[in-house]
Amino acid sequence: MRKIGTAQRPVLEEAGCKMAILAGSRIAANAGDVSSAAPCGSAARPVREPRSLTILPRPESGRANVGRFRQAGGAESPVKVLLRHLEPITWAYFDFLLVNGFTWLWYVLMVSGRPTYAWVFGPWMTGLIFGSCITLAGLVFGLYERKTLCARTRILVRSALTVGAGLVLAYACIFLFFYGSASRWLGLAVGAMYCATALPLRLVAHGAVVSRSRRALCVGYEASIRKLAAFLERAVRPPVRIVGYVDIARESGRSGSGGAGCSPEEGGARLPRLGRIEDIGTVLVRHQIDEVIVGSEVTARPDVGHAVLACLDHRCRVTDQPTFVEKLLGEVPAENIDAQWFLLADVQGSGGYETAKRVVDVVVAVVGLAVALLLWLPIVLAIRLESRGPALFRQKRVGLHGREFTLFKFRTMRLDAEQQGARWAERNDPRVTRVGRWLRLTRLDELPQLWNILRGEMSIVGPRPERPEFVEQLSRVIPNYRQRHLIKPGLTGWAQIHLGYGATVDDARRKLGFDLYYLKHRSIDLDLSILIRTLGTFLLGAR
């Protein structure tokens with residue numbers, strides 16, 4: 001046996017001391033006592049404390065162990081990590097700068113090859129026009145949405161639409177507004193170089209997004225957690241995977257599922273129970289947790305507050321359920337929120353925003369009515385030629401604060417469409433005429449609602465107004481449904497660009513989630529984003 005030198009003894013003694021302290025701490029924690037660790041060789045005085053969280057020592061805690069476990073399974077490329085976490089606005093800036101750079105490069109190549117060649121504009125002005133038009137086309141066709149990176153088909157189709165429409169728009173701007181021209185070879189070269197660079201990069205980002213999901217742990221009651229799992233099932237390849245949940249003892253005097261609208265019979269698949277709230281420190285390390293999601297029904301409990309601090313010590317991201325769903329899906333879990341959510345959301349908005357929005361509504365309505373009058377005559381003639389009856393349709397709808405108003409539309413159904421009472425329009429509804437189907441596809445049937453906007457009964461952007469009969473029915477089965485009337489209804493909205501027309505109670509429940517998201521986050525930039533995406537819906541046809 002090899003003899004141990006004196007220089008090595010202190011090191012071994014110190015290592016042995018640390019192991020003993022760690023083992024003693026765990027045994028004491030399991031027994032209900034936590035002993036304060038003392039230096040090796042000195043007496044450790046026991047201190048009685050109530051049973052608390054099992055938190056591992058900080059030098060070896062949480063993310064350090066998680067990182068070590070992941071390195072053992074194979075290190076991930078930093079490029080993939082970067083692409084997976086890029087924000088949509090970053091992709092838009094990237095495209096703008098990329099097109100500018102390609103335009104300048106092609107200008108240099110053309111001028112060096114043909115000394116007599118010159119443009120009406122310099123390379124920077126031309127690059128600015130091409131970059132702005134292609135980026136705007138990407139916004140219109142949803143190229144920068146998070147869900148685009150989740151499917152190769154969406155990447156290919158939306159990239160092709162973006163390049164084609166962006167180049168056409170750029171040449172139109174140069175010709176109409178600057179009375180100039182640009183070489184066709186320039187557009188072909190910029191489009192080809194963009195597709196050869198940006199498209200493969202997005203495909204790599206797609207692989208990074210679908211290859212690894214963030215591991216999430218839920219804290220709360222089982223029923224609300226199952227409801228959260230059901231929300232995640234709606235996403236296309238969600239970037240988060242719930243590995244399980246930690247259980248919480250119910251407070252005395254409380255019963256039920258703990259979440260508004262949640263019942264044990266509802267929700268998605270069952271998730272494994274990984275332990276209790278007191279064991280959350282061990283669970284975080286053992287299951288390599290990246291994010292912790294706290295149920296809104298337990299956020300006020302002291303033991304959950306201690307657990308949140310423990311998660312932050314392990315460098316895990318911590319969010320409540322509504323915030324998590326909002327950031328991931330762009331909607332609110334309408335049945336999992338209560339009055340506290342409305343209190344924190346500050347849904348009344350600011351006076352400056354409401355004033356600016358009203359000014360924009362009036363300007364857009366006046367200009368839109370003037371332009372739309374050119375389309376009214378052919379639309380009216382087409383409706384009257386196909387079916388008898390008036391071309392303009394009037395219907396009662398529910399508006400701001402539950403007040404009813406008369407909404408105007410072009411008629412898209414037969415006159416006898418509701419002989420058996422009011423009912424939702426269905427997919428391929430036989431009551432819709434051929435002209436009406438085309439009007440619904442392009443949403444031109446809603447042009448007369450510009451008059452409602454001018455009268456102040458509607459806005460350009462907001463939740464779609466529903467009929468009083470449907471509002472009464474939906475309010476009985478969907479919690480918080482009437483709260484969508486806290487703002488004016490709109491010609492288009494956040495729910496319309498995500499879901500389109502609804503035909504069932506489940507569709508109305510899903511649309512309410514998007515309406516509440518807009519209610520909380522409404523702003524000028526969000527309104528502008530909705531209008532741009534509505535243009536894409538108009539060009540591609542309503543979903």
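The values are calculated or read from the model by the stated rules, or taken from the named source; none is laboratory data. The shown structure was predicted, so the numbers you read here are calculated from the model rather than taken from an experiment. Backbone-built Cβ (ideal geometry, glycine too); neighbour counts: all protein chains shown.
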Original post:
buried (at least 21 other Cβ atoms within 10 Å of the Cβ), within 21 Å of ALA356 (Cα to Cα), touching a Lys or Arg at 6+ places or on another chain (Cβ under 6 Å) and not aromatic (Phe, Trp, Tyr) - does that describe any residue in the range 461-473?
Top reply: yes
Original post:
Taking the range 400-445 as the region of interest, how many residues are of a type in the set (S, T, N, Q), part of a loop (DSSP other than H, G, I, E, B) and touching a residue at least 24 places away in the same chain (Cβ under 8 Å)?
Top reply: 2
Original post:
For GLY513, which of the numbered conditions (1) modelled with pLDDT of 90 or more; (2) under 21 Å from GLY368 (Cβ atoms); (3) crowded, with 19+ Cβ neighbours inside 10 Å; (4) not charged (D, E, K, R) fails to hold?
Top reply: (2)
**OP:** Check whether at least one residue in the range 491-499 is surrounded by 15 or more Cβ atoms within 10 Å (Cβ to Cβ) and over 22 Å from ASN452 (Cα atoms), and report yes or no.
**Re:** yes
Subject >> Of residues in the range 282-300 being more than 24 Å from the chain's Cα centre (by Cα) and modelled with pLDDT of 85 or more, the one surrounded by the fewest Cβ atoms within 10 Å (Cβ to Cβ) >> reply: ARG286
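Which one of these is within 25 Å of ILE524 (Cα to Cα) and in contact with a strand residue (DSSP E or B) (Cβ under 6 Å, 6 or more places away or on another chain): VAL461, VAL471?
Every option except VAL461 fails the conditions.
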Original post:
Name the residues in the range 505-527 that are over 16 Å from the mean Cα position of the chain (by Cα) and closer than 22 Å to THR442 by Cα, would you?
Top reply: ASP507, ALA508
Original post:
Of all residues in the range 154-194 being surrounded by 13 or more Cβ atoms within 10 Å (Cβ to Cβ) and among the basic types (Lys, Arg), which is modelled with the highest pLDDT?
Top reply: ARG158
Original post:
Can you list the helices (runs of 4 or more DSSP H) found entirely within the range 486-543 that contain at least 1 residues being more than 14 Å from VAL360 (Cβ to Cβ) and charged (D, E, K, R)?
Top reply: 505-521, 524-540
Original post:
How do the pairs read when you match residues in the range 370-398 that are closer than 30 Å to GLN473 by Cα and free of Cβ contacts under 8 Å to residues at least 40 places away in the same chain with residues anywhere that are assigned to a helix (DSSP H, G or I) and of a type in the set (Gly, Ala, Ser), using Cβ under 9 Å and keeping only pairs 6 or more apart or on different chains?
Top reply: ALA391/ALA382
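Of all the residues that make up the range 243-272, how many are assigned to a strand (DSSP E or B) and at pLDDT below 85? Give the derivation first.
Quick first cut of the range 243-272, residues assigned to a strand (DSSP E or B) only: 243-247.
From the residues that got through so far, the ones that are at pLDDT below 85 too are 247.
Looking only at that region, the number is 1.
Pull up the range 191-220, narrow it to residues that are part of a helix (DSSP H, G or I) and among the small types (Gly, Ala, Ser), then point me to the one that is farthest from the chain's Cα centre (by Cα).
Going residue by residue through the range 191-220, those that are part of a helix (DSSP H, G or I) are 191-211.
Narrowing further to those that are among the small types (Gly, Ala, Ser): 191-192, 196, 198, 205, 207-208, 211.
Numbers: GLY191: 29, ALA192: 31, ALA196: 29, ALA198: 23, ALA205: 18, GLY207: 20, ALA208: 19, SER211: 20 Å.
Restricting to residues being part of a helix (DSSP H, G or I) and among the small types (Gly, Ala, Ser), the top hit is ALA192.
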**OP:** Those residues that are surrounded by 13 or more Cβ atoms within 10 Å (Cβ to Cβ) and either farther than 27 Å from LEU444 by Cα or in contact with a helix residue (DSSP H, G or I) (Cβ under 6 Å, 6 or more places away or on another chain) (or both), I need them from the range 347-378; list them, please.
**Re:** VAL347, GLY349, TYR353, ASP361, ALA365, GLY368, LEU369
Subject >> the range 183-201 - residue that is in contact with a Leu (Cβ under 7 Å, 6 or more places away or on another chain) and without any contact (Cβ under 8 Å) to a residue 60 or more places away in the chain and, of those, nearest to ALA310 (Cα to Cα) >> reply: GLY191
Subject >> Near pairs, Cβ below 8 angstrom, 6+ apart or cross-chain, from the range 505-524 (under 13 Å from VAL477 (Cβ atoms)) to any residue that is of a type in the set (Lys, Arg) and buried (at least 17 other Cβ atoms within 10 Å of the Cβ) >> reply: LEU512/ARG484
